[in-house]
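Here's the structure, in structure tokens; my notes come after.
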Amino acid sequence: AGEGRKRVMVLMSDTGGGHRASAEALKAGFQKLYGDKYEVDYVDIWSHYTPYPFNQIPRSYSFMVAHPALWKFNYYLQQPRWVHVSTQRAWAPFVSRQVAQAFVEFEPDLVVSVHPLMQIIPQRVLAACARERGVDPAPFATVVTDLTTCHNTWFHRGVDRCFVPTETCRSRALRMGLRPDQVVLHGLPIRPAFSDARAPQRVLRKRLGMDSQLPAVLLVGGGEGMGAIEATLEAIATACGGACQVVAICGRNKKLARRLQNRHFPGGMRVLVKGFVSNMADWMSACNVIVTKAGPGTIAEALICGLPIVLNGFIPCQEFGNVEYVVDNGYGRFERHPERIAAQLSAWFSPSGREELDAIAKRCAQAGKQFQFALFRIVEDLAAMVEAPRMRVPAASSRACCQAA
Ligand code: UDP
């Protein structure tokens, strides 16, 4: 660490792509607003600072969401506060020593959690470490990265601040017993590339190797490349053939990317296959429609780019509300069937469908404004927490909550 620099420790995990994207956004946001004044590090506490089998929790996420019944059971089982608090309390004796080691190594001046399973134990350990050293614990903030139906584990009453992205999440936080002054509504933290000015579509397309004229569909499945990407590609190729182009982003799903790269699609459709891309803002700005699962980060990013959205799936429970959010607000459609998705795209790309598509794009861009600069508002507030400890929850009530955890 640089001399005199304040340290911000972001707790994240690679369950999906959203938590990492939010952690990266916060790091980039601090850098953009304050240069080198803060050192921001993100760490997956569960993977790297807990013993077996706890370090397998992030890995088990992919398995669980692939088995919806199991995922739903676990999700609802852990919803009541008394269940998730007592579960994590039971885990605490097995993981606390290593979690404490993380805090010793990072020496944070501020801890920010962007993950629903990283409030109760980390905050408890942080408070215990500080008590041992006879100092005040570093302030602790949660940044909620779900958009609508978020799990109750996000809302721990002991945190100093809980940043939420939407009014729906704010109401949930208050229902879970957080005080109004603890809950701050700014929006989702989206990476600064989405708030920067971008080159015109024509220039982007040339740079990205896309056709300059054909309507373009961006096909993604979150950070993990989930969903029926291949079947959707086939259906679009059958319905639209040479009348459109598709960019298929497979995220960390390397197997899928390899398979698609070796495939030929009906009608000679132009298909660009990509693995995990780090310039999502460019790809979104270069396309006309996105087909994606209902990931919160992807939805907010698409709105910022004024990109109409076709949702083709959602992770049960936590992404369910995102479907209503998109459909009810007129930002796009929900359609699971590859053939019906293809029919919708083909209709939008026909001369009579263009007007509707443009109207949706306008609504998206309008809604995207609330997310475009949310990152910087969050980062400003976080920096204020480092600089002005008086903003914090009074120590007494914070301690009471830690004990309650
Ligand atoms: N993402 C990315 N590159 C990729 C695939 C995904 O940067 O190749 C980003 C995407 O832009 C979004 C995040 O990963 O910010 C996915 O988050 P989301 O909340 O949509 O879904 P999750 O993967 O967390 O379920």
### Task
Could you give the size of the charge dipole of the stretch 256-370 about its Cα centre, using +1 on the Cβ of each K and R and -1 on the Cβ of each D and E, expressed in debye and rounded to the nearest 20?
460 debye
### Query
Pick from G221, G35, G330: which is most flexible by mean-square fluctuation in a GNM of the chain where alpha carbon atoms under 10 Å apart are linked?
G35
### Task
Grab the DSSP H runs of the chain that are 4 residues or longer, score each as -39,500 (n - 2.57), total them, divide by all residues and round the 222 nm result to the nearest 500 deg cm²/dmol.
-15000 deg cm²/dmol
### Query
For the stretch 303-373, what is the charge dipole size about the Cα centre, in debye to the nearest 20, if Lys and Arg each add +1 at the Cβ and Asp and Glu each add -1 at the Cβ?
140 debye
### Summary
For the stretch 336-351, in residue order, the Karplus 3J(HN,Hα) values (coefficients 6.51, -1.76, 1.60; θ = phi - 60°; whole Hz; Gly and Pro = x) are 7, 6, x, 5, 6, 4, 4, 5, 5, 5, 4, 5, 5, 7, 7, x
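Give the order of S22, S278 when sorted by the count of other beta carbons within 10 angstrom, beginning with the fewest.
Numbers: S22 28, S278 9.
Least crowded to most crowded, the residues run S278, S22.
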### Summary
For L214, the net charge from surrounding residues (Cβ-Cβ under 11 Å; K, R +1; D, E -1) works out to +1
### Summary
If amide H atoms are modeled at 1.01 Å from N in the peptide plane, then the residues at a separation of 5 or more from V184, or on another chain, having amide H under 5 Å from its own are C162, F163, V164
### Query
Quick one: length gained pulling S47 to A66 fully straight, 0.36 nm per residue minus the C-alpha distance?
4.8 nm
### Query
Which log10 I(q)/I(0) values, to two decimals, does the chain give at q = 0.09, 0.13, 0.14 Å⁻¹ under the Debye formula with one point per Cα?
-0.55, -1.08, -1.21
### Task
Calculate one ³J(HN,Hα) per residue across the stretch 101-118 by plugging θ = phi - 60° into the Karplus curve 6.51 cos²θ - 1.76 cosθ + 1.60, and present them in order as whole Hz with x for glycine and proline.
4, 4, 5, 5, 5, 8, 6, x, 8, 8, 10, 10, 9, 10, 9, x, 9, 10
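Please state the shape class of the stretch 162-233: rounded when a/c is under 1.5, otherwise prolate if a/b exceeds b/c and oblate if not, all from the C-alpha gyration tensor. Please report the intermediate quantities before stating the final value.
On the way: a/c = 4.25, a/b = 1.99, b/c = 2.14.
It is oblate, given that a/c is not under 1.5 and a/b is not larger than b/c.
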#### Entry: L218 long-range amide H proximity, modeled H, under 5 Å
V247, N288, V289, I290, V291
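Taking a ≥ b ≥ c as the square roots of the eigenvalues of the Cα gyration tensor of the stretch 230-310, is the shape rounded (a/c under 1.5), prolate (a/b larger than b/c) or oblate? Spell out each step's value before the answer.
Values: a/c = 1.98, a/b = 1.34, b/c = 1.48.
Verdict is oblate for the stretch 230-310.
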### Message
Apply the Karplus curve 6.51 cos²θ - 1.76 cosθ + 1.60, θ = phi - 60°, to the phi angles in the stretch 55-71 and return the couplings in whole Hz, x for Gly and Pro.
### Response
6, 8, 4, x, 5, 5, 4, 4, 5, 5, 5, 7, 10, x, 5, 5, 4
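First select every other residue whose beta carbon is under 10 angstrom from the beta carbon of N312; then total the charges, Lys and Arg +1, Asp and Glu -1.
Working: positive: K293, R333, R336, R340; negative: E335.
Here the charged neighbours net out to +3.
Arranged from highest to lowest average of other beta-carbon atoms within 10 Å per residue, in what order do the peptides 86-95, 152-161 appear? If you can, show how the numbers build up before the last one.
Values: 86-95: 14.1, 152-161: 23.5.
Packing order, densest peptide first, comes out as 152-161, 86-95.
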### Message
Check which residues have an amide H placed less than 5 Å from L110's amide H, if you skip close sequence neighbours.
### Response
R7, M9
### Query
Does the stretch 190-287 come out rounded, prolate or oblate, given a ≥ b ≥ c as the square roots of the eigenvalues of its C-alpha gyration tensor, rounded meaning a/c under 1.5 and, failing that, prolate meaning a/b above b/c?
oblate
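Values quoted throughout were computed directly from the atomic coordinates according to the rules given, and no laboratory measurement underlies them. Computed from a predicted structure; not experimentally measured. Ideal geometry is used to build each Cβ from the backbone, glycine not excepted, and the neighbour counts take in all protein chains shown.
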